[in-house]
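Structure first, commentary second.
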Amino acid sequence: MIGGSGFNPPDQPGDITLQGLRELRRTFVRAGNLNKLRMEGLKPDRVPVAAGGLAIMLGVFEELGIQSMEVTDAALRLGVLYDLLGREQSHDMREVTAQLFIQRYGADPQQAQRVGDLALRLYHQLRPDATESDQRLLRWAASLHEIGLSISHSAYHKHSSYIAANADMPGFSRGEQATLAQLILAHTGKLKKLSAADLDSLDLDAVIALRLAVILTRNRTDVDLDGLRLRYAVPGLSLPGLRPPLQIIAPRAWLKANPLTEYSLQQEAAEWARLNWNVALHSPA
């Protein structure tokens, strides 16, 4: 209405300006009855709320000292401010969404909890300074990594990743969903499926923690893994494009009692070697 009626300064024809709002107020007052007012951009169904909207905008502009505001075609998703507020309090909509997805897609909640607990434990060994946000994303990736089983057991991780990337997930931003989908895609199988851009953007400490947690809990039972730990061979080393050698340390007796798991850990180390990351299995007596 403001721009179409020529109320704005000549150099701001498409903006919402304080000058334009004040001129629109004068036009409303002169009309006396908005039902009789005919203005470009004022649709009949908006007439009942036009005066209230104008009063709010004027109040905001004058109270905050705003002179002009640019118009955009984008908009905030309905409820996004409520979601963000909940993150700082006890009610995080993202946690509710993750649990609803486990139920909706028939995933095993106990396995999701089991994998998440171990993944976080391993992650803390590599990243003791990890942010709460990074830890939560890893936990949710573990919670949702099997939702694709409801579609197919074959390449289920791809289905899980697709759902996480494209479903309507209240509370999650699009960026968070993209990261979640990448973590889920990377949690099993060959790493070559990830692009160079994916590898650059992903937290590889979170990826290997999740992959190892899935390997170590594949029997879907609680196991004693107190002797297992991850350790960088050269703590604190940080060079561009070079990750320090990583040691997967497991008691020799435990590995002898679990030969299939030992083989899987060796294969995991070999998979990372293809990405030029030296990951080695160590088994002290």
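Worth a mention:
- Among the trypsin sites (Lys or Arg not before Pro) found in the range 190-285, those both in a DSSP coil and sparsely packed, with 16 or fewer other Cβ atoms within 10 Å of their Cβ, are Lys190, Arg218, Arg220, Arg274.
- If you run the Gaussian network model on the chain, springs between alpha carbon atoms under 10 Å, then out of Phe101, Phe61, Phe172 the most flexible one is Phe61.
- Distant-in-sequence amide H partners of Tyr232 (H built 1.01 Å from N, under 5 Å): Gln247
- Counted by Cβ distance under 13 Å from Leu58, the other residues give a net charge of 0, where Lys and Arg count +1 and Asp and Glu count -1.
- When only the Cβ of Lys, Arg, Asp and Glu is charged (+1, +1, -1, -1), the dipole of the range 16-69 relative to its Cα centre reaches about 300 debye.
- Note on the range 16-69: the C-alpha convex hull projects to 3.6 nm² when averaged across all orientations.
- Phi to ³J(HN,Hα) by Karplus 6.51 cos²θ - 1.76 cosθ + 1.60 over the range 143-150, Hz, x for Gly, Pro: 5, 9, 5, 9, 5, x, 4, 5
- The range 226-285: C-alpha gyration tensor shape, a/c 1.5 cut-off, then a/b vs b/c: oblate
- Cross-link partners of Lys190 among lysines (Cα-Cα below 25 Å; sequence separation of 8 or more within a chain): Lys158
- Of interest is the spacing of the C-alpha centroids, which for the range 165-204 and the range 100-141 amounts to 14 Å.
- Under 9 Å, Cβ to Cβ, from Asn8 - net charge with Lys/Arg +1 and Asp/Glu -1: -3
- Local net charge near Gln125, Cβ-Cβ under 13 Å (Lys/Arg +1, Asp/Glu -1): +1
- Shape call, the chain: gyration tensor on alpha carbons, a/c limit 1.5: prolate
Computed from the coordinates by the stated procedures, all read-outs in this text should not be read as laboratory data. Computed from a prediction, not measured in an experiment: that's the story for all the values here. A quick note on method: Cβ atoms are made from the backbone with ideal geometry, for glycine too, and the neighbour counts reach across all protein chains shown.
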